[in-house]
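Have a look at the structure below before the remarks.
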């Protein structure tokens, strides 16, 4: 027979260890800490910025919660009189406008007749847009039509977006009228 | 502690699905692309990554007219939850607000809750740990308990623009539901409050426009008897027996020790006996 030669101290140690083991087992201690309980409140310490939904002409207010240089959550702005915190399914997805991997992050250019897109920088893009707008406008400008001064171009059209605010639409309309654009339209004509 | 209820008036729902998106947005759940189902409905039922699904039901009413019925479907947060009863790991529990939540650390992915939920709202998700070993966890709506903790309402309720969903004190919401049923009975003669007694009432209370079966809901859901037997009788007895066994073992060990010590005499550290 194997004799268990335990003295009192060893016995106490052993029973202590047993109790501790049991306690740990009973408490459901899980080694799979992958699902760590570090989950703090999602929008705690986030910066909140109010914005206007860019999708339709209603203009719902949205609160954008940002943290660690990314958008962690978006929700209807309860203080906005238009939507009082409510949103539709499309407005609710606003966060993906920033976080989606499908989002374009660089200007892309497709030359006339080409089948592929090229990455260009913003300076080239804006310069090219300005140059071609001026070329088109100058070559198509009509001063007088049927004896009436019209100062217009019919080769350019402008399509505004629902996300534009009052000031932006004012500036846009002023620029387009200055160029002589008569086809001034808006996307949100519902 | 005040018990809270998510009140869903299906007759006010316009089927915009913002509640589905809001749920994914708050809980960071990935999209689940689906095939066309033959109706506007996007998913057949709730899944581990889609905690609420908007049902679209084309129903012919008694007069031969087509009714287009919508229902926001998600966890009911039963007062007597079958999932809580059957969970062998005690991973499912009630919060002080009345919601039923799954502790992901304790869940072992056995799937008993999935099999026993009378409303089929719990699903398992498969994961792989870094060694490539597969494991599963059960997921369902939490009623945004983390938001309630911070004084916010559930994400789906917050976004609902028709007022089809409201969140508040249980008694107030149930009164509201009963009042609403009286208002709509002219158009929907079968309208009713769905707060089934068989599961002790629920913390998602519906005003349904039609009988529950039209929405694919059980008329009288119950906690399975086997589940009650397991949780309320078998498990406590089992625990007691385990305790008794442990006590007996320890007792035997100590007695044995004392007995042996007596035979050999005390060592220099004093031994275990003063007899």
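Can you quote the Å³ per residue value for the convex hull of the Cα atoms in the range B:7-68, rounded to an integer?
Taking the convex hull of the Cα positions in the range B:7-68, it is 105 Å³ per residue.
For the peptides B:79-86, A:112-119, what is the packing order when you average, over each peptide's residues, the other Cβ atoms within 10 Å and list the highest mean first?
My ranking of the peptides, most packed first, is B:79-86, A:112-119.
Just B:246, B:145, B:95 to compare: in a GNM of chain B, with alpha carbon springs under 10 Å, which one fluctuates most?
B:246
From the helices alone, meaning DSSP H stretches of at least four residues, give me the mean residue ellipticity at 222 nm for the protein assembly as shown, per-run term -39500 (n - 2.57), in deg cm²/dmol to the nearest 500.
It comes out at -9000 deg cm²/dmol, rounded to the nearest 500.
By how many degrees, between 0 and 90 and to the nearest 10, does the Cα long axis of helix B:18-27 differ from the longest principal axis of chain B?
The two axes meet at around 30 degrees.
Kindly state, to the nearest 0.05, the FRET efficiency for residue A:96 paired with residue B:248, given R0 = 56 Å and r defined as their beta-carbon distance.
E between residue A:96 and residue B:248, to the nearest 0.05, is 0.35.
Taking springs between alpha-carbon atoms closer than 10 angstrom, which of B:143, B:192, B:240 fluctuates most in the Gaussian network model of chain B?
B:240
To test your reading of the geometry: what angle, between 0 and 90 degrees and rounded to tens, separates the Cα axis of helix B:170-184 from the longest principal axis of chain B?
So the inclination is approximately 30 degrees.
Over the range B:1-148, what portion of Cα pair distances is larger than 21 Å, expressed as a whole percent?
50
How large is the Rg to Rh ratio of chain B when both quantities use alpha carbon positions and Rh follows Kirkwood?
1.18
For chain B, modelled as a GNM with alpha-carbon contacts under 10 angstrom, which of B:12, B:133, B:125 fluctuates the most?
B:133
When all C-alpha to C-alpha distances in the protein assembly as shown are sorted into bins of 20 Å, what percent of pairs does each bin hold, rounded to whole numbers?
Computed distribution, short to long bins: 17, 38, 25, 14, 4, 1, 0.
Could you work out the mean count of beta carbons from other protein chains within 10 Å of each residue's beta carbon in A:78-89?
That works out to 4 on average.
Which whole-number value in Å³ per residue fits the convex hull of the alpha carbons of the range A:112-180?
142
If R0 is 22 Å, what FRET efficiency do you get for residue A:51 and residue B:28 from their C-beta distance, rounded to 0.05?
Once rounded, the FRET efficiency stands at 0.60.
Between residue B:115 and residue B:256, how high is the FRET efficiency from 1/(1 + (r/R0)^6) when r is the Cβ-Cβ distance and R₀ = 35 Å? Nearest 0.05.
0.15
Going by how many other beta carbons lie within 10 Å of each one, how would you line up A:43, A:82, A:156, A:129, fewest first?
Fewest-to-most Cβ neighbours within 10 Å comes out as A:129, A:82, A:156, A:43.
Each label point is 7 Å from the Cα along the Cα-to-Cβ direction; what then is the distance between the points at residue B:14 and residue A:159, in nm?
Placing both labels 7 Å along Cα→Cβ, they lie 2.5 nm apart.
Measuring from label point to label point, each 7 Å out along Cα→Cβ, what is the residue B:125 to residue A:144 span in nm?
For the pair residue B:125/residue A:144, the computed spacing is 7.3 nm.
Calculate, in whole percent, how much of the Cα-Cα pair population of the range A:150-190 lies beyond 17 Å.
I get 29 percent for the Cα pairs in the range A:150-190 exceeding 17 Å.
Could you list the residues of the range B:15-46 with an amide nitrogen less than 19 Å from a label point located 7 Å from the Cα of residue B:58 in the Cα-to-C-beta direction?
B:15-16, B:35-45
Here, each number is a calculation from the coordinates, and none is a lab measurement. A quick note: this is a predicted structure, and the numbers were derived from the prediction, not measured. Glycine gets a Cβ as well: all are built from the backbone with ideal geometry, and neighbour counts include every protein chain shown.
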